[in-house]
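Chemist: Dropping the structure in here first, questions after.
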Amino acid sequence: MKFCYEIKGGDFSAGGSASSQVKKTLKQFNIAPQVLRRIAVALYEAEMNVVAHAWRGSMCVDINIDHLNVVIEDEGPGIEDIERAMEEGFSTATEEVRQMGFGAGMGLPNIRKNSDEMKLTSTPGIGTRLALTIRF
Amino acid sequence: MNAQQLNQLIQGTILLEGNVSTRYTKAFASDLMSDVLRFQMEQTVLVTGLCTIQVLRTAEMSNITCIIFARGKRVTPDMLALAEEHHITLIESALTLFEISGRLYQGGLEPVYR
């Protein structure tokens, strides 16, 4: 079962609506609440990264029997130094993002913590691709 | 402790009663949503001075079903609508984050970790 959602860069009021849709869909399956929270948190952090940093993006979710594959892709400035971006506390977020309660440099480490597999690739000036696998 | 009992401790106003059956055992006070997203939040009350739609989204993702807004922050209609959709209890209080936390701690709520 596969479906995709658009994510608008800079639209903080709609930020999280794609992750919300996915959580709603997954609730219909017999998934433990803690696993559902791990999925929702990872997707929400990833979605907010697109909202905060990119121009536009998409979230594509593939639900399998015992795991979930997600690809979040965006067109945006990309990440210059992925290793540094993965460090806790490192952030390039704007003041606006910080006022929303984000941009503390916790997002990517938290996504890694909540997923079983994580692959982050980026081309500066073009965009970023994040692929996640979370087992139920 | 249920939402009514929480509210009595902090002299707040319940704007919306979401999931009335929830018994809260823990509280977490933060204006940083990135930190809220790092911990297990079941049966936990979120106390915050941040008043944006993303507080509601963060609660929804973390399975938080009760939010206390401190320092007299006023909930907006779009926040109220999202809380209604996800059965999240909203409480407004004029007290500071510090005093709300103190009263809840004294009332028996635990931190999310020690």
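The values are calculated or read from the model by the stated rules, or taken from the named source; none is laboratory data. Please read all numbers here as calculations on a predicted model, not as lab measurements. Glycine also receives a Cβ, built like all others from the backbone with ideal geometry; neighbour counts cover every protein chain displayed. Areas reflect the complete protein model, heavy atoms only, side chains present, ligands, DNA and RNA absent. Shrake-Rupley method; radii C 1.70, N 1.55, O 1.52, S 1.80 Å.
Chemist: Output the number of the condition that B:Gln5 fails; it satisfies all remaining conditions of (1) assigned to a loop (DSSP other than H, G, I, E, B); (2) farther than 20 Å from A:Lys23 by Cβ; (3) open to solvent by 40 Å² or more (accessible area, probe 1.4 Å).
Modeler: (1)
Condition check ((1) surrounded by 24 or more Cβ atoms within 10 Å (Cβ to Cβ); (2) in contact (Cβ under 8 Å) with a residue 24 or more places away in the chain; (3) not hydroxyl-bearing (Ser, Thr, Tyr)) across all residues:
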| residue | (1), (2), (3) |
| --- | --- |
| B:Asp35 | no, no, yes |
| B:Phe39 | no, yes, yes |
| B:Met61 | yes, yes, yes |
| B:Arg74 | no, no, yes |
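Chemist: Going residue by residue through the range B:11-18, is there one that turns out to be in a loop (DSSP other than H, G, I, E, B) and among the hydroxyl-bearing types (Ser, Thr, Tyr)?
Modeler: No: zero hits.
Conditions tested, residue by residue: (1) within 13 Å of another protein chain (Cβ to nearest Cβ); (2) among the β-branched types (Val, Ile, Thr).
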site	(1), (2)
B:Gln11	no, no
B:Tyr24	no, no
B:Val36	yes, yes
B:Phe39	yes, no
B:Gln43	yes, no
B:Thr52	yes, yes
B:Ile64	yes, yes
B:Ala70	no, no
B:Leu95	no, no
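Chemist: Can you tell me which of B:Val112, B:Val47 is assigned to a strand (DSSP E or B), among the hydrophobic types (A, V, I, L, M, F, W, C), within 30 Å of A:Ser91 (Cα to Cα) and within 14 Å of chain A (Cβ to nearest Cβ)?
Modeler: B:Val47
Residue by residue, here is whether (1) under 24 Å from A:Tyr5 (Cα atoms); (2) at pLDDT 95 or above; (3) crowded, with 20+ Cβ neighbours inside 10 Å; (4) more than 14 Å from every other protein chain (Cβ to nearest Cβ) holds:
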residue	(1), (2), (3), (4)
A:Leu68	yes, yes, yes, yes
A:Glu83	no, no, no, yes
A:Thr94	no, no, no, yes
A:Gly101	yes, no, yes, no
A:Arg112	yes, yes, no, no
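Chemist: Residue check, A:Leu132 against (1) surrounded by fewer than 16 Cβ atoms within 10 Å (Cβ to Cβ); (2) modelled with pLDDT of 90 or more, all met but one. Which one?
Modeler: (1)
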